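Shown next, in structure tokens, is the structure this report addresses.
Just so you know, all these numbers are worked out from the coordinates, no wet-lab data involved. A quick note: this is a predicted structure, and the numbers were derived from the prediction, not measured. Here Cβ is always computed from backbone atoms with ideal geometry, including for glycine, and neighbour counts include all displayed protein chains.
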């Protein structure tokens, strides 16, 4: 009887051990290539893409193709759908969002503007944003609950604009040497990246800094960040190039991906974000595409 009990105990221990190993392996398992969003099917290769916008309601990806002054849409499965040039009026588009009124907003670097595109009304308007007498230099862009979040390239601060584009408030980091280079809106927080100091920052909805942590030991030249479904922070390294993963307290977990031109490899990546379908998306300027990874 004692022998049977020992056997059962050993079996239970073995089962728990296997489960723990499997769980740990799953937590650190590298992401695998899933799909590529490029110019195939559009008749024109994507040149220097700078951003990806994901429309969960329409189940579409929109790639900002800055080199061809257009927006290129793809299905959830990665199939090419449409190329949009706003009648040839876009000038070096850099980022985009869609607001609650179904209007597309595009950061245009050549105009230093936010450009609104109302497809239904067939109306395209260029908006220059001011802070007093100073002109903002729009860079990264997001939209939530009627508020535009615009990263001002000149100051490295995030401007919050009302729906009429009037300045509401600022989110800034007094401790940052060069300011913010990327940000993501996650629930009631704003997660941001300080490139020069190589720090990840978390702000509350009121714009106050909650915490920050250093990623410089694992990242050479951080350009973008994203928050995964499990809450881990993914930091994109443009020069390595790879992706470093940290937990919410800044503890390093692992890195993955390598430099290259083949499927699933990176060359001068510029942005990282998650889609609503479990995919990890990386915008690559160098390879002229967006790579989508899955587990």
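Assorted remarks:
- Against the test of being closer than 30 Å to residue 42 by Cα and under 13 Å from the mean Cα position of the chain (by Cα), the options 193, 273 yield a single qualifying residue, 273.
- Condition check for residue 219: part of a loop (DSSP other than H, G, I, E, B), without any contact (Cβ under 8 Å) to a residue 40 or more places away in the chain and touching a strand residue (DSSP E or B) at 6+ places or on another chain (Cβ under 6 Å): yes
- Of all the residues in region 137-154, those that are without any contact (Cβ under 8 Å) to a residue 24 or more places away in the chain, touching a strand residue (DSSP E or B) at 6+ places or on another chain (Cβ under 9 Å) and either crowded, with 20+ Cβ neighbours inside 10 Å or within 14 Å of residue 165 (Cα to Cα) (or both) number 2.
- The listed residues are 210, 227, and the only one of them that is touching a strand residue (DSSP E or B) at 6+ places or on another chain (Cβ under 6 Å) and surrounded by fewer than 13 Cβ atoms within 10 Å (Cβ to Cβ) turns out to be 210.
- Every residue from region 271-295 that is outside any strand (DSSP E or B) and either more than 20 Å from residue 193 (Cβ to Cβ) or free of Cβ contacts under 8 Å to residues at least 40 places away in the same chain (or both): 276, 277, 278, 279, 286, 287, 288, 295
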